[in-house]
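**Student:** First the structure, then my questions, so here it is.
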Amino acid sequence: MSLPDVFDPDILALPLYDDAHRALAGDIGRWCAGRAEAWATLDAAEPAASGRALLADLGGAGWLRHLDPAEPASDLRALCLRRQALAYHEDLADFAYSIQELTAAAITRYGNETQQRCYLPGLATGTTAGALALSEPGAGSDLAAVALEAVADGDGFVLNGTKTWIAQGDIADVCVVLARTGDGPGPLGLTAFLVESSVPGFKAEPIGAIAPRSWAQLDFTDVRVGGEAVLGERGQGFVVALDILERARATVAAAAIGFARRAFRLALEHARTRKVYGGRLADLQLVKSSLARMDVKLSAASLLTARAAWAIDGDLDHAKHSSIAKLHSTEAAGEIVDGAVQIFGAAGLVAGSTVERLYRQIRSLRIYEGASEVIEMTIADAL
Ligand SMILES: Cc1cc2nc3c(=O)[nH]c(=O)nc-3n(C[C@H](O)[C@H](O)[C@H](O)COP(=O)(O)OP(=O)(O)OC[C@H]3O[C@@H](n4cnc5c(N)ncnc54)[C@H](O)[C@@H]3O)c2cc1C
């Protein structure tokens, strides 16, 4: 697997990236390729154990080091390149990496010095697992409907309620939890908290998924936290959640490109070697058309994602760019992976084959961190 398989060299050469990004792309691409054999032994039936192992792997290799405030920070383009390479090689590695990033971003951007010192070094070595717990059975796209209650009690709070669909929820040591403190109506009544999973009353129940990942429902029964657990300002939890999601959307786009590029490269190789009608599959005009369209979609996705990440790094207005990148890249990736299955024919449906796994893995990206329809509303509102 050569580096140009993972990244489009023509896109990386653009002035939207600098030499450090290009060097990083080489490093992460080579590291992932070197881990392929070890990752092939991960047990899909044990996503929690795999998640823990991957965090140790990523932390040990230094790919999370920038989460420690004592180390040089990483920009968002670098984060996107890491996600693209990880997703290209191993869904679970991308998943573990992205959730550590999400959790750390909330603590870095909104945590005080004590909170940062307490959690970020462990997240940076992969010895502490993080989770971002926003969604609930009654509040997904409509986050303002969050109902998990945090009632002030002495110098702390008592939390009761349920979070669901939480990535790394069953292995997390610390969760960023969005809760209702009732300081104002709807979104104004929400506050973010840092809750350790070891506290009494906290229970995580794994959820099985179409593409197995560490994923859980979290139940809070009289969970008591001190006032120091508040992350950011009281009543500002909705702002914290939206800010973190808005930045992360560009990275979801990058992961989608990773999955789609893998599917595209496999489909191309297969079409060039599969013999049909006395020739090659790749010589049929309709197959050529399918491959050409995949390449166009991938190029557009890569450009939109680079633009969004560049805007975020430049502290420019980025909400619309990040949304456009996520919408286009995840929708296009779904089409590309589906097209790859079609080119493989029955071989693309064999359980456990790479193309079949990509087909299951890509689906959730059009739903999490903003379903496509929600993202369309965000873009329309910014017109
Ligand atoms: C793999 C995965 C990992 C996840 N990880 C996390 C996590 O770590 N932390 C966390 O808090 N949450 C997580 N989630 C939850 C995710 O954020 C929610 O699934 C998402 O926000 C959608 O909410 P919902 O599933 O409740 O769907 P609903 O809000 O019920 O929406 C259902 C559907 O309705 C449509 N819809 C919604 N709003 C609109 C609208 N305004 N206009 C038109 N149509 C609309 C969309 O098609 C949407 O898919 C994860 C989800 C998945 C699939």
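The values are calculated or read from the model by the stated rules, or taken from the named source; none is laboratory data. On a predicted model such as this, the values are computed, not experimentally measured, just so you know. Cβ sites come from the backbone with ideal geometry, for glycine too, and all protein chains shown count toward neighbours.
**Student:** Suppose we filter Ala255, Ala211, Ala167, Ala192 for residues that are within 13 Å of the ligand (Cβ to nearest atom), of a type outside the set (Asp, Glu), within 30 Å of Arg77 (Cβ to Cβ) and modelled with pLDDT under 95; which single one remains?
**Tutor:** Working: Ala255 fails: modelled with pLDDT under 95; Ala167 fails: modelled with pLDDT under 95; Ala192 fails: modelled with pLDDT under 95.
Ala211 is the lone residue from the list that is within 13 Å of the ligand (Cβ to nearest atom), of a type outside the set (Asp, Glu), within 30 Å of Arg77 (Cβ to Cβ) and modelled with pLDDT under 95.
**Student:** List every residue pair whose Cβ atoms lie under 7 Å apart, where the two residues are 6 or more positions apart in sequence or sit on different chains, the first residue falls within the stretch 288-302 and is closer than 18 Å to Glu269 by Cβ and small (Gly, Ala, Ser), and the second residue, located anywhere, is assigned to a helix (DSSP H, G or I) and at pLDDT 95 or above.
**Tutor:** Close Cβ pairs (under 7 Å, with a partner that is assigned to a helix (DSSP H, G or I) and at pLDDT 95 or above) amount to Ser290/Gly339; Ser290/Ile343.
**Student:** Only one of these is of a type in the set (A, V, I, L, M), more than 15 Å from the ligand (Cβ to nearest atom) and not in a strand (DSSP E or B): Leu79, Leu92. Name it.
**Tutor:** On the way: Leu92 fails: more than 15 Å from the ligand (Cβ to nearest atom).
Every option except Leu79 fails the conditions.
**Student:** In the stretch 343-383, what residues are in contact with a Gly (Cβ under 7 Å, 6 or more places away or on another chain) and either assigned to a loop (DSSP other than H, G, I, E, B) or more than 16 Å from the ligand (Cβ to nearest atom) (or both)?
**Tutor:** Once the filter is applied, which keeps residues that are in contact with a Gly (Cβ under 7 Å, 6 or more places away or on another chain) and either assigned to a loop (DSSP other than H, G, I, E, B) or more than 16 Å from the ligand (Cβ to nearest atom) (or both), the stretch 343-383 yields Val355, Glu356, Ile362.
**Student:** Is it true that some residue in the stretch 227-243 is surrounded by 20 or more Cβ atoms within 10 Å (Cβ to Cβ) and more than 23 Å from the chain's Cα centre (by Cα)?
**Tutor:** yes
**Student:** Take the residues in the stretch 2-18 that are farther than 16 Å from Ala300 by Cβ and of a type in the set (Asp, Glu), then tell me which one is surrounded by the most Cβ atoms within 10 Å (Cβ to Cβ).
**Tutor:** Here the residue is Asp5.
**Student:** Name the single residue that is nearest to the ligand (Cβ to nearest atom) among those in the stretch 120-144 being touching a residue at least 12 places away in the same chain (Cβ under 8 Å) and over 20 Å from the mean Cα position of the chain (by Cα).
**Tutor:** Step one: list which residues in the stretch 120-144 are touching a residue at least 12 places away in the same chain (Cβ under 8 Å), which gives 120-137, 140-141, 143-144.
In the following step, the residues that additionally are over 20 Å from the mean Cα position of the chain (by Cα) were identified as 121, 137, 144.
Values: Pro121: 22, Pro137: 8, Ala144: 12 Å.
Of everything passing the filter in the stretch 120-144, Pro137 is nearest to the ligand (Cβ to nearest atom).
**Student:** Using the structure shown, decide if Thr41 is farther than 23 Å from Ala241 by Cα, at pLDDT below 95 and more than 18 Å from the chain's Cα centre (by Cα). Before the answer, list the steps.
**Tutor:** On the way: farther than 23 Å from Ala241 by Cα: yes; at pLDDT below 95: yes; more than 18 Å from the chain's Cα centre (by Cα): yes.
In short, yes.
**Student:** Can you tell me how many residues in the stretch 174-186 are away from the ligand (no atom under 15 Å from the Cβ) and modelled with pLDDT of 95 or more?
**Tutor:** 1
**Student:** Continuing with the same structure: Mind checking which residues of the stretch 302-331 are small (Gly, Ala, Ser) and surrounded by fewer than 23 Cβ atoms within 10 Å (Cβ to Cβ)? First the steps, then the outcome.
**Tutor:** Pass one, the stretch 302-331, residues small (Gly, Ala, Ser): 302, 306, 308-309, 311, 314, 319, 322-323, 325, 329.
Those that are small (Gly, Ala, Ser) and surrounded by fewer than 23 Cβ atoms within 10 Å (Cβ to Cβ): Ala311, Gly314, Ala319.
**Student:** Based on what the data block shows, is Val225 over 23 Å from Leu42 (Cβ atoms) and touching a residue at least 40 places away in the same chain (Cβ under 8 Å)? Explain how you work it out, then say what you get.
**Tutor:** Details: over 23 Å from Leu42 (Cβ atoms): yes; touching a residue at least 40 places away in the same chain (Cβ under 8 Å): yes.
Spelling it out, Val225 is indeed over 23 Å from Leu42 (Cβ atoms) and touching a residue at least 40 places away in the same chain (Cβ under 8 Å).
**Student:** Kindly list the number of the only condition in (1) outside any helix (DSSP H, G or I); (2) surrounded by fewer than 17 Cβ atoms within 10 Å (Cβ to Cβ) that fails for Gly26.
**Tutor:** (1)
**Student:** Something else now. Consider Ala152 carefully, then state whether it is away from the ligand (no atom under 15 Å from the Cβ), surrounded by fewer than 23 Cβ atoms within 10 Å (Cβ to Cβ) and not in a loop (DSSP other than H, G, I, E, B).
**Tutor:** Details: away from the ligand (no atom under 15 Å from the Cβ): yes; surrounded by fewer than 23 Cβ atoms within 10 Å (Cβ to Cβ): yes; not in a loop (DSSP other than H, G, I, E, B): yes.
Against the criterion (away from the ligand (no atom under 15 Å from the Cβ), surrounded by fewer than 23 Cβ atoms within 10 Å (Cβ to Cβ) and not in a loop (DSSP other than H, G, I, E, B)), Ala152 qualifies.
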